[in-house]
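Colleague: Got a structure for you, written out below as structure tokens; questions coming shortly.
The values are calculated or read from the model by the stated rules, or taken from the named source; none is laboratory data. All values derive from a computational prediction rather than experimental measurement. Note that we place each Cβ from the backbone using ideal geometry, even for glycine, and neighbour counts take in every protein chain shown.
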Amino acid sequence: MLEVDKVGIHLGGRWLLRDMSLTLEAGEVVGISGDSGVGKSTLARMLAGHLAPDEGEVRYGGRPAARRGPHPAQLVLQHPERAVNPRWRIRRILAEAGAPEPSLLEALQIAPSWLDRWPLELSGGELQRVCIARALGPATRVLIADEMTAMLDALTQAGIWRAALGVAQERGLGVLAISHDEALLERICTRRLRWEELRGDATTVMMP
Ligand SMILES: Nc1ncnc2c1ncn2[C@@H]1O[C@H](COP(=O)(O)OP(=O)(O)OP(=O)(O)O)[C@@H](O)[C@H]1O
């Protein structure tokens, strides 16, 4: 599904990431945790095709992502308001990934009445559901959640993860969850990795 093979990223005159490897199988929910500033978000951006690696290779289903068309790995960030155009109505934001399936909107509990609103007219949790729906277009194989629910209360956080993991499981997607919230990762992940384990002789930590 996803193979990260000894990738490195050189930014700001230094190697920010080097010799990082990781595999993610269909249906897995892999959690990555690590100290602040080590490069987790940079790795997430690279996996979603926002940044090219300076060495190594990332493969999706055995080959690099196609240059055209939707990227197979889609990234959802912590702040949904920074991930949408504030001058677009929700309907148009969702349409960036093609017309969303009504069943997807239902699974994420996106009310039809939201579609004609502006981003500012939704709560943070509601707007994050929209961003997740946009990330779960038909071509998506991997969902990368970078502190996806960090700013939300526990109840909203649980509801959003339940919905996102339900869709991921139904479609056999791989999920990479990056978070400082150890309790959350323990709840949702099938496998966990500490940042140090992505380097060189990686070993995995299996969760019960
Ligand atoms: N374009 C860039 N040029 C130079 N340095 C950068 C660039 N982008 C990020 N960095 C630096 O790379 C380091 C890693 O940033 P990143 O956001 O990936 O860390 P992180 O592990 O996700 O941190 P946190 O857990 O605090 O979110 C930081 O020191 C950041 O300042």
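Colleague: List the number of the failed condition for L104; all other conditions in (1) closer than 18 Å to A177 by Cα; (2) away from the ligand (no atom under 13 Å from the Cβ); (3) at pLDDT below 95 hold.
Modeller: The failed condition is (1).
Colleague: Give me the residue from segment 175-187 that is touching a strand residue (DSSP E or B) at 6+ places or on another chain (Cβ under 7 Å) and buried (at least 20 other Cβ atoms within 10 Å of the Cβ) and, out of that set, nearest to V4 (Cα to Cα).
Modeller: L176
Colleague: In addition: Out of the residues in segment 94-139 that are surrounded by fewer than 21 Cβ atoms within 10 Å (Cβ to Cβ) and polar (S, T, N, Q), state the one that is farthest from the chain's Cα centre (by Cα).
Modeller: Once the filter is applied, the top-ranked residue is S113.
Colleague: Just to verify a result, which residue in segment 1-14, among those that are touching a Leu at 6+ places or on another chain (Cβ under 7 Å) and of a type in the set (A, V, I, L, M, F, W, C), is farthest from the ligand (Cβ to nearest atom)?
Modeller: M1
Colleague: So which residues in segment 1-14 are surrounded by fewer than 19 Cβ atoms within 10 Å (Cβ to Cβ) and in contact (Cβ under 8 Å) with a residue 24 or more places away in the chain?
Modeller: Once the filter is applied, which keeps residues that are surrounded by fewer than 19 Cβ atoms within 10 Å (Cβ to Cβ) and in contact (Cβ under 8 Å) with a residue 24 or more places away in the chain, segment 1-14 yields E3, D5, K6, G8, H10, L11.
Colleague: Oh, and also: Considering only segment 184-202, state which residues are in a helix (DSSP H, G or I) and at pLDDT 95 or above.
Modeller: Passing the criteria: L184, L185, E186, R187, I188.
Colleague: Restricting to segment 153-174, give me the number of residues that are assigned to a helix (DSSP H, G or I) and surrounded by 15 or more Cβ atoms within 10 Å (Cβ to Cβ).
Modeller: 12
Colleague: Further, regarding this structure: Examine segment 171-193 for a residue that is among the acidic types (D, E), within 16 Å of the ligand (Cβ to nearest atom) and over 12 Å from the mean Cα position of the chain (by Cα), and state whether such a residue exists.
Modeller: yes
Colleague: State all residues of segment 99-143 that are in contact (Cβ under 8 Å) with a residue 12 or more places away in the chain, of a type outside the set (V, I, T) and closer than 14 Å to W88 by Cβ; if no residue qualifies, say none.
Modeller: Scanning segment 99-143 gives W114, L115, D116, R117, W118, P119, L120, L122, L127, C131, R134.
Colleague: Further, regarding this structure: Considering only segment 15-47, state which residues are away from the ligand (no atom under 11 Å from the Cβ), surrounded by 22 or more Cβ atoms within 10 Å (Cβ to Cβ) and not in a strand (DSSP E or B).
Modeller: L47
Colleague: Name the single residue that is farthest from the chain's Cα centre (by Cα) among those in segment 140-170 being of a type in the set (G, A, S) and within 16 Å of the ligand (Cβ to nearest atom).
Modeller: A150
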